[in-house]
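One structure is given below, encoded as structure tokens.
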Amino acid sequence: MKFSVDKHDKYVTLKLKEPKFTNDNAPGLKSELYLLNAEGFKNIIVDLSHVKECNDAQDLSCLLVGDRLCKAAGGLFIVTGINDEIAPIIELSNIFQSVTFVNTLEEATDFIFMDELEKEFRGDK
């Protein structure tokens with residue numbers, strides 16, 4: 001599975017660099033999410049902008065794992081880069097009811113920084 005990881009102070013971005021999201025690469029993504037969470041990253045952004053095909057909604061279930069891990073750590077799990085080719089399968093899977101989807105990487109980072117600021121103001125840190 002090809003992907004890149006870009007680590008920052010408040011979040012990490014994992015960019016899948018595969019044209020297809022399949023049951024062959026979903027377990028690798030799931031493993032990477034566990035590793036990043038174990039390293040202490042509670043805010044994870046997954047960028048799927050390179051993905052042009054996903055034929056099985058079941059393959060998307062690894063995203064639910066990331067969402068669960070981040071929420072348990074008090075953070076956010078955000079998916080970005082959804083294109084017109086894979087949007088219908090995401091809609092069909094109902095995964096959007098649990099996982100936060102935004103249009104761009106910039107929106108995802110803004111979302112995380114706003115959440116972190118809100119937690120600071122509430123004294124949740």
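Data for the structure
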read-out	value
Selection within region 18-65 - β-branched (V, I, T) and farther than 17 Å from S4 by Cβ	T22, V65
Tabulated pairs, region 3-22, first under 11 Å from I45 (Cα atoms), second of a type in the set (D, E, K, R) and open to solvent by 20 Å² or more (accessible area, probe 1.4 Å), C-beta under 7 angstrom, 6+ apart or interchain	V12/D6; T13/D6; L14/E32
Any hit, region 9-23, residues being among the basic types (K, R), out of contact with any strand residue (DSSP E or B) (no Cβ under 7 Å at 6 or more places or on another chain) and closer than 21 Å to L117 by Cα	yes
Candidate set: region 78-92, residues that are more than 14 Å from the chain's Cα centre (by Cα) and either at pLDDT 95 or above or assigned to a helix (DSSP H, G or I) (or both); chosen: the one surrounded by the most Cβ atoms within 10 Å (Cβ to Cβ)	I89
Cβ pairs under 6 Å, 6+ apart, first in region 45-67 and part of a loop (DSSP other than H, G, I, E, B), second open to solvent by 20 Å² or more (accessible area, probe 1.4 Å) and not β-branched (V, I, T)	H50/K17; K52/P19; K52/E85
Any hit, region 72-86, residues being without any contact (Cβ under 8 Å) to a residue 24 or more places away in the chain and under 14 Å from K42 (Cβ atoms)	yes
Members of region 92-118 found to be farther than 18 Å from V65 by Cα and without any contact (Cβ under 8 Å) to a residue 12 or more places away in the chain, listed by number	E106, D110, M114, L117, E118
Every residue from region 2-19 that is part of a strand (DSSP E or B) and surrounded by 15 or more Cβ atoms within 10 Å (Cβ to Cβ)	F3, V12, T13, L14, K15, L16
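One line per residue, one yes/no per condition, for (1) modelled with pLDDT of 95 or more; (2) open to solvent by 60 Å² or more (accessible area, probe 1.4 Å); (3) among the hydroxyl-bearing types (S, T, Y):
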{"site": "G28", "(1), (2), (3)": "no, no, no"}
{"site": "L76", "(1), (2), (3)": "yes, no, no"}
{"site": "R122", "(1), (2), (3)": "no, yes, no"}
{"site": "K125", "(1), (2), (3)": "no, yes, no"}
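The values are calculated or read from the model by the stated rules, or taken from the named source; none is laboratory data. A quick note: this is a predicted structure, and the numbers were derived from the prediction, not measured. Note that we place each Cβ from the backbone using ideal geometry, even for glycine, and neighbour counts take in every protein chain shown. These accessible areas exclude ligands, DNA and RNA; they are computed on the full protein's heavy atoms, side chains included. Shrake-Rupley method; radii C 1.70, N 1.55, O 1.52, S 1.80 Å.
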